[in-house]
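The values are calculated or read from the model by the stated rules, or taken from the named source; none is laboratory data. Every value quoted in this text rests on a predicted model; they were computed, and no experiment measured them. Quick reminder, even Gly has a Cβ in these numbers, built from the backbone with ideal geometry, and neighbours come from all protein chains shown. Each accessible area value is taken on the protein alone, full model and side chains, heavy atoms only, with ligands, DNA and RNA left out. Shrake-Rupley method; radii C 1.70, N 1.55, O 1.52, S 1.80 Å.
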Amino acid sequence: MARRERVMRMSVEQPLWRALTGYRVLTMLYAIGLFASAYDEVARPRIAIAYYAVLAVWTLATLPRVANAASCTKRFLAVDLAVALAGILLTRVVESPERIEAGAPTLPSIWTAGAVLAFAIKGGWRWAAFASTLVAAANLVHRSGVPTRDTVHMVLLVWIASIAIGYVVEVARASERTLARALEIEAATRERERLARDIHDSVLQVLAMVQRRGAVIGGEAAELGRLAGEQEVALRTLVSGGLVPVSRVSEDVAEGAVVRTVEEPDDDAGPVDLRVLLAPYAAARVSLAEPGAPVLLPPPAARELAAAVSAALDNVRKHAGAGARAWILVEDEPDEVIVTVRDDGPGIPEGRLAQAEGEGRLGVALSIRGRLRDLGGTAELISTSGQGTEVELKVPKQMARGQR
């Protein structure tokens with residue numbers, strides 16, 4: 001069956017870039033408004049107007065540059081910080097010494113923090129420390145080495161906030177990579193289990209049958225059966241073995257961590273009647289009891305549930321013998337579908353399932369429980385030695401709808 005690749009992109013960092021874009025525009029307008037409110041008190045307003053014209057054009061023209069980490073290059077960061085530092089130092093030319101001593105704001109005002117935060121989001125706390133230190137030095141020069149209390153508060157606030165944000169960004173990036181790795185491992189594990197179920201339902205059973213028939217026939221057939229037995233053991237070991245690690249974790253740190261999983265397309269038009277899929281299992285020694293109305297499930301859920309029933313019947317034929325009888329009961333409840341498979345065989349000795357799973361025989365673990373787990377359901381096996389075995393399969397309808 002054809003499959004499609006589904007891409008999940010996770011990014012804690014991207015919202016920070018969007019917030020920074022808005023911050024730069026708002027603080028640019030705030031700086032211009034602050035200047036306009038004190039226009040009559042400014043010593044050289046024409047120089048300030050020229051600077052604000054440059055600041056406005058630069059801020060609006062470079063909005064795409066702060067949209068993501070890939071666009072925010074080192075060269076842009078350097079020029080952006082230079083614009084902020086130039087505005088701080090130019091304040092000594094624009095403002096009178098009296099207003100500077102009285103604590104008049106610098107020309108870029110809090111717009112400067114946006115330039116520093118860009119360093120923090122792009123490169124982490126070390127880049128933030130570097131940029132905020134240069135801003136602090138420019139403010140000291142602006143205040144002739146004697147900063148006011150407000151200046152100290154602003155410099156410390158920018159320094160601490162930028163370093164903290166830079167550190168959070170670094171932690172978020174590491175967490176994204178870890179989460180992406182975990183999701184890929186989970187996707188690979190589910191795919192491996194799906195393949196293992198299919199292999200168990202076909203190849204392993206054929207190899208086991210060849211081994212048994214070869215031993216009965218003897219001669220060259222016995223040798224063929226022995227080889228089939230060896231291949232069965234090798235294939236079981238491969239199916240139940242370790243997971244090969246995947247290497248795709250992130251393609252572009254600017255866009256966040258990338259996880260790719262493979263899923264089967266929903267190529268069916270609508271829900272199918274589970275009774276239709278289970279009808280072929282009815283035979284002389286297999287009785288099927290079903291509701292009078294259709295039992296509708298999404299196609300993937302119905303197929304997996306029918307395959308689990310098939311695996312349960314295979315176990316009946318294999319372990320209970322050819323003469324054993326089996327009964328299939330289908331119950332359509334309001335919130336779930338229940339399918340029970342019961343036989344009149346000798347039952348399963350206590351501890352045998354755990355032992356079989358430890359030996360790599362994964363019929364119940366994967367072909368039955370694994371299928372139901374993927375559907376959000378459960379598979380409960382009840383067996384008493386000498387009294388037969390009962391397998392109860394439950395699929396919640398709400399979870400099954402999510403398989404569409």
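Taking the criterion of being surrounded by 12 or more Cβ atoms within 10 Å (Cβ to Cβ), assigned to a loop (DSSP other than H, G, I, E, B) and without any contact (Cβ under 8 Å) to a residue 12 or more places away in the chain, the only residue of region 72-108 that qualifies is T73.
For first residues located in region 332-344 and in contact (Cβ under 8 Å) with a residue 12 or more places away in the chain, partners that are basic (K, R) and open to solvent by less than 50 Å² (accessible area, probe 1.4 Å) and lie 6+ apart or on another chain with Cβ distances below 7 Å form the pairs D335/K397; E336/K397; V337/K397.
Pairing residues of region 375-399 that are on the phi < 0 side of the Ramachandran plot and among the polar types (S, T, N, Q) with residues that are surrounded by fewer than 17 Cβ atoms within 10 Å (Cβ to Cβ) and at pLDDT below 90, at Cβ distances under 6 Å and at least 6 apart in sequence or on separate chains, gives S385/P349.
Please determine whether any residue of region 301-317 is basic (K, R), assigned to a helix (DSSP H, G or I), open to solvent by 30 Å² or more (accessible area, probe 1.4 Å) and free of Cβ contacts under 8 Å to residues at least 24 places away in the same chain. Show your work before the answer.
First pass over region 301-317, keeping only residues basic (K, R): 303, 317.
Next cut, assigned to a helix (DSSP H, G or I) only: 303, 317.
If we keep only those that are open to solvent by 30 Å² or more (accessible area, probe 1.4 Å) too, we end up with 303, 317.
With the extra rule that they be free of Cβ contacts under 8 Å to residues at least 24 places away in the same chain, the set shrinks to 317.
Checked against the condition, which is being basic (K, R), assigned to a helix (DSSP H, G or I), open to solvent by 30 Å² or more (accessible area, probe 1.4 Å) and free of Cβ contacts under 8 Å to residues at least 24 places away in the same chain, region 301-317 yields at least one hit.
Among the residues making up region 36-61, those that are free of Cβ contacts under 8 Å to residues at least 24 places away in the same chain and either among the hydroxyl-bearing types (S, T, Y) or touching a Phe, Trp or Tyr at 6+ places or on another chain (Cβ under 6 Å) (or both) are S37, Y39. Among the candidates A48, A31, A67, A53, the residue that is modelled with pLDDT under 90 and open to solvent by less than 60 Å² (accessible area, probe 1.4 Å) is uniquely A67.
Only one of the numbered conditions (1) open to solvent by less than 20 Å² (accessible area, probe 1.4 Å); (2) assigned to a helix (DSSP H, G or I); (3) under 16 Å from M28 (Cα atoms) is violated by V135, and that is (3). Applying the set (1) of a type outside the set (S, T, Y); (2) outside any helix (DSSP H, G or I); (3) under 14 Å from A118 (Cβ atoms) to A43 leaves exactly one unmet item: (3). Annotation: of all residues in region 140-190 being open to solvent by 50 Å² or more (accessible area, probe 1.4 Å) and of a type in the set (D, E), the one that is modelled with the lowest pLDDT is D150.
A quick yes/no check of all residues on (1) surrounded by 12 or more Cβ atoms within 10 Å (Cβ to Cβ); (2) touching an Asp or Glu at 6+ places or on another chain (Cβ under 8 Å); (3) modelled with pLDDT of 65 or more; (4) not small (G, A, S):
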site: H200; (1), (2), (3), (4): yes, no, no, yes
site: Q205; (1), (2), (3), (4): yes, yes, yes, yes
site: Q211; (1), (2), (3), (4): yes, yes, yes, yes
site: V216; (1), (2), (3), (4): no, no, yes, yes
site: G225; (1), (2), (3), (4): yes, no, yes, no
site: A228; (1), (2), (3), (4): yes, no, yes, no
site: G242; (1), (2), (3), (4): no, no, no, no
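Among helices (runs of 4 or more DSSP H) entirely within region 340-404, having at least 2 residues that are at pLDDT below 80 and open to solvent by 80 Å² or more (accessible area, probe 1.4 Å) singles out 352-358, 397-401.
Scan region 84-125 for residues that are of a type outside the set (A, V, I, L, M, F, W, C) and touching a His at 6+ places or on another chain (Cβ under 7 Å) and the total you get is 3.
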